[in-house]
1. Looking only at other chains, what is the average number of their beta-carbon atoms within 10 angstrom of each beta-carbon in B:28-35?
2. Just checking the output field for A:282-294: average partner chain Cβ neighbours within 10 Å of each residue's Cβ?
3. State in Å² the accessible area per residue of the stretch A:244-326; use a 1.4 Å probe, count heavy atoms of protein chains only, and round to the nearest integer.
4. Can you give the accessible area of A:Ser283 in Å² (nearest 10), computed on protein heavy atoms with a 1.4 Å probe?
5. Please list A:Met402, A:Met388 in order of solvent-accessible area, largest first, computed with a 1.4 Å probe with all protein chains present.
6. Only helical DSSP H runs with n ≥ 4 go in: add -39500 (n - 2.57) per run for chain A, normalise by residue count and round the 222 nm mean residue ellipticity to 500 deg cm²/dmol.
7. Can you give me the solvent accessible area of B:Glu42 with a 1.4 Å probe, rounded to the nearest 10 Å²?
8. Using +1 on the beta carbon of Lys and Arg, -1 on that of Asp and Glu, and nothing else charged, what's the dipole of the protein assembly as shown about the Cα centre, debye to 20?
Amino acid sequence: MASLVSHPDEVRVISKRFGQGATNIDRYLELDGYKAVQKALAMQPDAIINEVKNSGLRGRGGAGFSTGMKWSFVPKQSAKPKYVLCNGDESEPGTCKDRLIFEHDPHTVIEGAMIAALAVGSHTAYIYIRGEYRYLSVIMQKAIKDAYAKGFLGKNIFGSGYDLDIYWHGGAGAYEVGEESALMESLEGKRGIPRIRPPFPAIVGLWGGPTVINNAETLAAVPHIILGGADWYAKLGTPKNGGTRLFCLSGNLNKPGVYELPMGYNLQKMIYEVGGGIPNGRSLKAVVPGGSSTPVLLPEEIDVPMDFDSLAKAGTMLGSGGVVVLDDTICIVKFALRTIKFYQHESCGWCIPCREGTDWLKKTLTRFHAGAGLKKDIDNIYYLAENMLGKTFCPLGDAAAMPTMAFVKKFRKEFEDHLEGKPCPFEKAGAAEPVMA
Amino acid sequence: MKFSDEFEARFTEMLTHYPTRRSALVPTLLYAQDEVGSLSDEVIEELARRLDLTELEVRNVISYYSMLTTKPRGKYNVQVCTNIACMLRGGEELLDHCKKKLGVGHKGTTQDGLFSLEEVECIGACSWAPAVQVNYDFHENLTKEKMDQVLDEYKKKLNH
């Protein structure tokens with residue numbers, strides 16, 4: 001459904017089966033499918049974990065935590081069943097990569113989840129897909145069914161004596177459920193209210209059992225690592241940032257699309273060469289480098305390698321790989337308002353700093369953008385955001401605070417240009433045509 | 001309360017996936033809604049009974065998830081994304097266009113019950129913005145003209 005793009009600089013690992021008909025299990029087998037899990041079945045669990053650790057694979061959901069390390073936290077012995085949970089609740093604005101994986105290569109996610117299960121000694125895995133992605137749920141349910149029919153899932157997989165069940169699960173519209181503890185609540189049939197940690201899911205997760213939760217793209221990388229080897233995968237990227245990742249290029253670009261590039265690929269090159277630069281003769285104003293929750297970068301800040309550590313050094317985050325490009329016709333106040341409107345809408349209301357903070361930010365920014373802003377509002381917006389940072393129950397509060405603080409810090413002049421009843425300098429003439437509320 | 005055979009088969013199978021019955025709740029609510037049109041009192045009562053929950057517990061979950069609704073929508077729910085990536089490529093203008101074309105506002109339904117309109121948050125189509133979902137179908141790289149065609153096609157679909 002979603003159209004595919006390509007660029008010569010791409011290094012296709014996760015996307016190598018895109019457009020190859022790999023939703024069909026026989027085709028997937030032709031394309032080296034289910035070889036990695038058979039290799040993993042012959043390995044000791046610790047050896048699988050070490051391989052993934054050495055590959056430098058870090059969580060593709062946004063936090064960038066070492067996947068192998070995460071697996072190693074799961075206790076060897078557990079009175080309660082252990083679980084693997086694939087997070088396919090992709091909803092960070094700017095991110096549309098898991099969608100392509102599920103659409104073109106669902107068996108890789110299954111295979112990755114199987115390998116994760118073998119590594120931590122789990123016999124049950126769930127693949128959670130957001131409710132809006134119904135067509136992908138259909139694809140995934142069929143893929144799972146086909147894998148059972150071949151004897152790859154269920155009792156005694158590949159004749160190994162190991163039992164492993166994988167189930168699909170669906171959401172019903174909630175960004176916050178992408179947060180790992182809220183994801184477990186949702187899977188247990190509840191509101192997606194995050195849980196307090198510790199205990200971490202690796203110790204107390206689904207139904208109280210130790211649980212490994214990985215992003216769909218992370219799990220999709222695992223079979224390639226097991227087959228190709230940790231060294232090969234690690235060398236594709238930069239030190240401590242192994243492999244490639246799917247970058248979702250969106251916004252004011254000539255060639256938006258999802259491109260698979262090595263970790264550490266230069267952001268400037270990504271925008272001007274891979275993404276084809278800014279259309280209509282406009283110039284670059286700002287880049288949101290890793291999904292809406294990551295602090296914005298200015299044009300002079302984009303000569304940076306796109307890996308977790310380099311972007312942290314640049315004061316932002318690699319996040320979920322959603323690169324959103326803004327040209328110079330875009331009003332930052334409006335963009336900040338739209339970002340906050342989202343977080344206000346998605347805040348579960350469980351903890352006060354997030355519930356009140358996002359609401360007051362939305363109110364203040366709405367008034368501000370409408371031309372009724374006061375000078376003190378600018379500092380107040382920053383102060384409201386700062387008072388959420390690190391003080392909320394789950395990272396949704398941080399996700400709202402971080403970009404807001406960066407917008408105010410880096411575009412203060414533009415906020416000042418909206419003061420004293422001045423109309424938004426970016427509002428196009430004629431755009432204010434009345435429409436139904 | 002009678003659901004389709006397909007729903008019943010899925011429901012029965014889904015219960016075997018989890019150690020608790022309650023776990024089947026969220027996806028089941030969505031499938032029930034797709035079939036009935038909304039999560040009516042009757043549906044809530046039935047699912048609460050089947051999953052050993054109180055109706056309040058079920059309503060509590062419904063109110064959290066943005067796709068779930070207790071009010072009926074039009075046959076085709078037009079969901080226009082205006083989140084950042086779509087906003088940069090005309091998502092808001094597309095929403096305004098739909099409002100005018102359909103004569104309804106956010107969460108409104110046309111009088112003939114054919115279309116509902118909703119402004120939604122990111123639907124995961126950022127690289128193909130601006131994008132709209134009509135029920136579960138994605139329509140991407142839209143312009144006002146393409147949007148008109150999409151709406152016309154749904155109208156035609158009904159006549160066949």
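1. Across the residues of B:28-35, the mean count of other-chain Cβ atoms within 10 Å is 2.
2. Average per residue, whole number: 1.
3. Spelled out: the 1.4 Å probe surface of the stretch A:244-326, per residue, equals 28 Å².
4. 60 Å²
5. A:Met402, A:Met388
6. Value at 222 nm, helices only: -11000 deg cm²/dmol.
7. Approximately 110 Å² for this residue.
8. 520 debye
The values are calculated or read from the model by the stated rules, or taken from the named source; none is laboratory data. Model, not experiment: these values are computed from the prediction. All Cβ positions, even for glycine, are placed from backbone atoms using ideal geometry, and neighbour counts span all protein chains on display. We work out accessible area using only protein heavy atoms, side chains counted, and drop any ligands, DNA or RNA first. Shrake-Rupley method; radii C 1.70, N 1.55, O 1.52, S 1.80 Å.
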